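*Asks:* Quick one: structure below, then a few questions.
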Amino acid sequence: MTDAVKKLRDWTSQSENIVFFGGAGVSTESGIPDFRSVDGLYNQEYDYPPETILSHSFYERNPEEFFRFYRNKMLYLDARPNAAHRKLAEWEAAGKLKAVVTQNIDGLHQKAGSKNVLELHGSVLRNYCARCGAFHGVEAVVNSAGVPRCQCGGTVKPDVVLYEEGLDEDVMRKAVSAIRRADVLIIGGTSLTVYPAAGLVRYYRGDKLVVINKADLGAGADLTITEPIGQVMAQL
């Protein structure tokens, strides 16, 4: 165990108000690719760039192509929580961790047992009819061809935030509140480049800002660990 991991272990063992803010790197050890990694979705070949396909305007203009991409590249329903997800759930059960703020849409934090998960970008596990508002599980998308339809005939839209769409104001408010009150804020597996979510870090008021990321973000952290987050969390 490195000195940095020992320090993190000390900080978290003494804290009763930890908040975790995570991104795609948290789930890569569960087999879900990181969009911006070297071999991630952003570096593969498609008729359109992923940013375009995953935009609100493309969804409205070309829904069949949107759902073809979405089914092929956004759904990893066999993925299982890794050591990072499990440790966070363990801390929450012990009353030490107050919230998980995540940019991920895979639902793995909940699968690991976390309850207070603030999903900034929504979840692939929730889908709603754009016409009548009826809820549909992910099976409605997986088991359909072309554009998934509700019984009323409306389009079943995934409850994920697309490019050009705003974040849920209630989720953002809760995230700001949790981060502002935390005495330890751990940022893991995110490049801090996607706004407005990345801007949440500025609300932290404490002096134990931890960044666990394979690349050094230069985020002015009090402690930086450049190792895979699952490997780090397994040691705590």
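*Asks:* For segment 100-149, name all the residues that are more than 17 Å from Pro81 (Cβ to Cβ) and among the small types (Gly, Ala, Ser).
*Replies:* Scanning segment 100-149 gives Gly122, Ala130, Gly133, Ala134, Gly137, Ala140, Ser144, Ala145, Gly146.
*Asks:* Look through Gly218, Gly153 and report the one residue that is in a loop (DSSP other than H, G, I, E, B) and at pLDDT 95 or above.
*Replies:* Gly153
*Asks:* Does segment 129-144 include one or more residues that are in contact with a helix residue (DSSP H, G or I) (Cβ under 9 Å, 6 or more places away or on another chain) and farther than 21 Å from Phe69 by Cα?
*Replies:* no
*Asks:* Tell me which residues, restricted to segment 202-213, are among the charged types (D, E, K, R) and surrounded by 15 or more Cβ atoms within 10 Å (Cβ to Cβ).
*Replies:* Selection gives Lys208 alone.
*Asks:* While we're on this one: Quick check: is even one residue across segment 109-128 within 26 Å of Met233 (Cβ to Cβ), part of a helix (DSSP H, G or I) and open to solvent by less than 50 Å² (accessible area, probe 1.4 Å)?
*Replies:* Yes: one or more hits.
*Asks:* Those residues that are of a type in the set (S, T, N, Q) and more than 20 Å from Gly137 (Cα to Cα), I need them from segment 147-185; list them, please.
*Replies:* Ser177
*Asks:* Can you tell me which residue in segment 129-150 is nearest to Ser177 (Cα to Cα), limited to those that are outside any loop (DSSP other than H, G, I, E, B) and either under 19 Å from the mean Cα position of the chain (by Cα) or among the β-branched types (Val, Ile, Thr) (or both)?
*Replies:* The qualifying residue nearest to Ser177 (Cα to Cα) is Val141.
Rundown of residues vs (1) closer than 24 Å to Asp222 by Cβ; (2) in contact (Cβ under 8 Å) with a residue 40 or more places away in the chain, yes/no style:
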{"site": "Thr102", "(1), (2)": "yes, yes"}
{"site": "Glu119", "(1), (2)": "no, yes"}
{"site": "Leu125", "(1), (2)": "no, no"}
{"site": "Ala130", "(1), (2)": "no, no"}
{"site": "Phe135", "(1), (2)": "no, no"}
{"site": "Val141", "(1), (2)": "no, yes"}
{"site": "Cys152", "(1), (2)": "no, no"}
{"site": "Asp159", "(1), (2)": "no, no"}
{"site": "Ala182", "(1), (2)": "yes, yes"}
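*Asks:* Can I ask one more? I need the helices (runs of 4 or more DSSP H) fully contained in segment 1-104, keeping only those with at least 1 residues that are at pLDDT 95 or above and open to solvent by less than 50 Å² (accessible area, probe 1.4 Å).
*Replies:* 3-14, 56-61, 63-73, 83-93
*Asks:* Another question about this same structure. Whether any residue in segment 184-201 is touching a strand residue (DSSP E or B) at 6+ places or on another chain (Cβ under 9 Å) and open to solvent by 60 Å² or more (accessible area, probe 1.4 Å) is what I want to check.
*Replies:* Checked against the condition, which is being touching a strand residue (DSSP E or B) at 6+ places or on another chain (Cβ under 9 Å) and open to solvent by 60 Å² or more (accessible area, probe 1.4 Å), segment 184-201 yields no hits at all.
*Asks:* Still on this structure, please answer the following. Check Val160, Val184, Val147, Val176 and return the single one that is more than 20 Å from Val101 (Cα to Cα) and not small (Gly, Ala, Ser).
*Replies:* None of the other options fit; the residue is Val147.
*Asks:* Looking at segment 156-176, which of its residues are open to solvent by less than 60 Å² (accessible area, probe 1.4 Å) and part of a strand (DSSP E or B)?
*Replies:* Val156, Lys157, Pro158, Asp159, Val160
*Asks:* Test Ser144 against the criterion of being open to solvent by 30 Å² or more (accessible area, probe 1.4 Å) and under 25 Å from Pro49 (Cα atoms), and give yes or no.
*Replies:* So Ser144 passes the test.
The values are calculated or read from the model by the stated rules, or taken from the named source; none is laboratory data. Given the structure is predicted, the values throughout are model-derived calculations rather than measurements. Glycine gets a Cβ as well: all are built from the backbone with ideal geometry, and neighbour counts include every protein chain shown. Remember, those area values only see protein heavy atoms, side chains included, never the ligands or the DNA or RNA. Shrake-Rupley method; radii C 1.70, N 1.55, O 1.52, S 1.80 Å.
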